[in-house]
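Structure record follows, encoded as structure tokens.
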Amino acid sequence: MENLHWETLAPACRVLVSREHTFNTDTILLAHFAAPKHKERCIDLGTGCGTISLLWQANYAPRHITAVELGEQAFSQALRSVSENGYEENIEVIRGDIREIKKIIPHPTLDLAACNPPYKAVGAGLRNPDERMENARHECTCTLEDVAKAGRDVLRFGGRFCLCQRPERLADAMNVFRSYGLEPKRLRLVQQRINTAPSLFLLEVRRGGKPGLSVLPTLIIEDENGGFSAEMLEIYGNYKFGHEGGRADGRK
């Protein structure tokens, strides 16, 4: 495992990252967009190294978080991070496949689900010879339909599901989630600078929700000087990447 090391996320909260399993701007934006309430029961589908679950616990302290990860190394990193931060009572890390989510959550009882899924359909873009990197970028083990089905199977009526994806997948996401009874309710586009096209969208859907989509103001990552915008600095809070700027184009 290459370059295994600890990264600080918040005061008294660290995550164990590696070259293959790390996090990026997208991960932090999704954790913020999907902010849980104090009494909610949550699930982080495909948690990777566990960043979203750790940020949720550090910043919002919901009732309980289930973090599900299929990959052995990512699961191991997430497990060590939860232990390192003393979050064992709050975050349960489970090695499992979201395509078989009912083995983990038998009934639709949760309030919130989130997923940072692979961005590219199989056959789109260049393939990566590293299987772990390939699975993180292409829908080899997790498609949008898999994600929507898992959300339907774990969420109570009125429960919400949040994800991030590339803008070219927006129509696909809307159609797939609606087909599983998850109504799009809140949408936010993200772009690097004021004069660039959006590079990401954040979407919230609700199980059994009524039609009606709220489109939030676009989130701009960089200010006119090339540093983080005021809103990005607020979202990052105590975490600093150690450099000005940052692109929403990596994987968690």
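Points to keep in mind about this one:
- With DNA, RNA and ligands ignored, accessible area of H32 (1.4 Å probe; Å², nearest 10): 80
- Computed from backbone phi, the HN-Hα couplings of the stretch 195-201 come to 9, 10, 6, x, 10, 7, 10 Hz, rounded to whole numbers (Karplus: 6.51 cos²θ - 1.76 cosθ + 1.60, θ = phi - 60°; Gly and Pro given as x).
- Positive contributions from Lys and Arg (+1) and negative ones from Asp and Glu (-1), summed over other residues with Cβ under 13 Å from the Cβ of R188, come out at -1.
- In order through the stretch 177-191: 3J(HN,Hα) via Karplus (6.51 cos²θ - 1.76 cosθ + 1.60), integer Hz, x for Gly, Pro: 5, 4, 5, 9, x, 10, 8, x, 10, 8, 9, 9, 8, 10, 9
- With every protein chain in place, the stretch 1-113: carbon and sulfur % of accessible area (1.4 Å): 47
- A simple packing score, the average count of other Cβ atoms within 10 Å per residue, orders the peptides 183-196, 66-79 as 66-79, 183-196, with the highest score first.
- Residue-by-residue Karplus 3J(HN,Hα) for the stretch 215-229, coefficients 6.51, -1.76, 1.60, Hz, glycine and proline x: 9, 7, x, 4, 8, 9, 6, 9, 8, 5, 9, x, x, 5, 5
- The residues of the stretch 149-236 present an accessible area of 46 Å² per residue when probed at 1.4 Å with all protein chains retained.
- Net +/- balance of residues flanking I101 in space, Cβ distance below 10 Å, scoring K and R +1, D and E -1: +1
- Using only the C-alpha atoms, the convex hull of the stretch 6-123 corresponds to 109 Å³ per residue.
- Counting every alpha-carbon pair across the stretch 11-70, the share separated by more than 16 Å comes to 40%.
The values are calculated or read from the model by the stated rules, or taken from the named source; none is laboratory data. A quick note: this is a predicted structure, and the numbers were derived from the prediction, not measured. In this analysis, Cβ positions are derived from the backbone assuming ideal geometry, glycine residues included, and neighbour counts consider all displayed protein chains. The protein model used for the area step is the full one, side chains on, heavy atoms only, and it has no ligands, DNA or RNA in it. Shrake-Rupley method; radii C 1.70, N 1.55, O 1.52, S 1.80 Å.
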